[in-house]
């Protein structure tokens, strides 16, 4: 939750209104149907949905935040400018899908570290935007007010 707050604060410092789409590993219908499952994998998938719902409840008063379940296309179509994967597995797959579809990764800050850092993918060859955003960040944009 602190990373999400820091990300939203970062965008607000850039005069961008954050609109957050949280992505999970399961749809609501599947969650409802299998929420009492004894299967370990299904319980882990269900936990992503529960965690997303918890985040929405905690943050909806301050930010536009939605649980888009596994529907990354809906999050993008609805104008979400922060796509938050609920865990690393979901995040890696999202990042790769965006890259495969031709999206340009402008900046992927790792917020909460003791130093400035931007993530990239092994498949990228042009780091110009990463460098520009990182320099802007270092030059005076505060991540957390």
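Here, each number is a calculation from the coordinates, and none is a lab measurement. Predicted, not measured: the structure shown is a model, and the values here were computed from it. Every residue, glycine among them, receives a Cβ derived from its backbone with ideal geometry; neighbour counts consider all protein chains shown.
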- For the chain, the longest principal axis of the Cα atoms and the Cα long axis of helix 2-13 enclose an angle in degrees, to the nearest 10, of 40
- Ordered by fewest other Cβ atoms within 10 Å, a rough proxy for footprinting exposure, 24, 30, 125 read 125, 30, 24
- Does anyone have the angle between helix 88-100 and the longest principal axis of the chain? Alpha-carbon axes, 0 to 90°, nearest 10? 60
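Counting other beta carbons within 10 Å of each residue's own, what order do 70, 138 fall into, fewest first?
138, 70
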- Message: Quick check on the exposure proxy: order 31, 103 from fewest to most C-beta atoms within 10 angstrom.
- Response: 103, 31
- Task: In a Gaussian network model over the chain where Cα atoms closer than 10 Å are linked, find which of 19, 28, 62 has the largest mean-square fluctuation.
- Result: 62
- Item | Burial ranking of peptide ranges 47-54, 74-81 (average Cβ count within 10 Å, highest at the top) | 47-54, 74-81
- Can you give the angle from 0 to 90° between the axis of helix 40-59 and the longest principal axis of the chain, with both taken from C-alpha atoms, to the nearest 10? 60
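Would you compute, from DSSP H runs of 4+ residues alone, the mean residue ellipticity of the chain at 222 nm, taking -39500 (n - 2.57) per run and dividing by the full residue count, rounded to the nearest 500?
-14500 deg cm²/dmol
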